[in-house]
Amino acid sequence: MTLLSQHLIINDIELVKKVIMDVALAHPKVLKDPAPFVRLDTHNASSLDFTCRLWVKGADYWDVHFDMLEQVKVACDKNDIEIPYPQIVVHNG
């Protein structure tokens, strides 16, 4: 199950992979076997996209999905990893 795909602005790919993996391994509902993995997935115009695949019991899927989204954001903030969001510049006049 792919539970997470994040668009990140980074200089250190290994740091991002470690941060995401640490979050996955710390979650009590993530199964240890098969082991989770994190990979660089896509090179976009203004971000690198990472995919985290992990395995959970079916009944735990949504809890883990939403927990991972929140916990990865918090972990990225703590490690100064920026998640880019679209910006609109409006010129008036």
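Quick notes on this structure:
- Restricting attention to region 6-18 and to residues that are modelled with pLDDT of 55 or more and not in a helix (DSSP H, G or I), the residue that is surrounded by the most Cβ atoms within 10 Å (Cβ to Cβ) turns out to be Asp12.
- Checked against (1) farther than 21 Å from Trp62 by Cα; (2) in a loop (DSSP other than H, G, I, E, B); (3) at pLDDT 85 or above, Val30 passes all but a single condition, namely (1).
- For region 59-81, the set of residues classified as over 20 Å from Val16 (Cβ atoms) and over 13 Å from the mean Cα position of the chain (by Cα) consists of Ala59, Asp60, Tyr61, Trp62, Asp63, listed by residue number.
- Among the numbered conditions (1) surrounded by 12 or more Cβ atoms within 10 Å (Cβ to Cβ); (2) at pLDDT 85 or above; (3) not aromatic (Phe, Trp, Tyr), the only one that Leu3 does not meet is (2).
- Taking the criterion of being hydrophobic (A, V, I, L, M, F, W, C) and either within 17 Å of Leu15 (Cβ to Cβ) or not in a loop (DSSP other than H, G, I, E, B) (or both), the residues of region 35-58 that qualify are Phe37, Val38, Leu40, Leu48, Phe50, Cys52.
- Checking each residue in region 59-93 for being of a type in the set (S, T, N, Q) and not in a loop (DSSP other than H, G, I, E, B) picks out only Gln71.
- Within region 19-47, residues that are in contact (Cβ under 8 Å) with a residue 12 or more places away in the chain and surrounded by 15 or more Cβ atoms within 10 Å (Cβ to Cβ) reach partners that are assigned to a loop (DSSP other than H, G, I, E, B) and of a type in the set (Val, Ile, Thr) with beta carbons closer than 9 Å, at six or more positions or on different chains, in the pairs Val19/Ile81; Ala24/Val30; His27/Val56; Val30/Val56; Pro36/Val30; Ser47/Ile10; Ser47/Ile83.
The values are calculated or read from the model by the stated rules, or taken from the named source; none is laboratory data. Given the structure is predicted, the values throughout are model-derived calculations rather than measurements. Backbone-built Cβ (ideal geometry, glycine too); neighbour counts: all protein chains shown.
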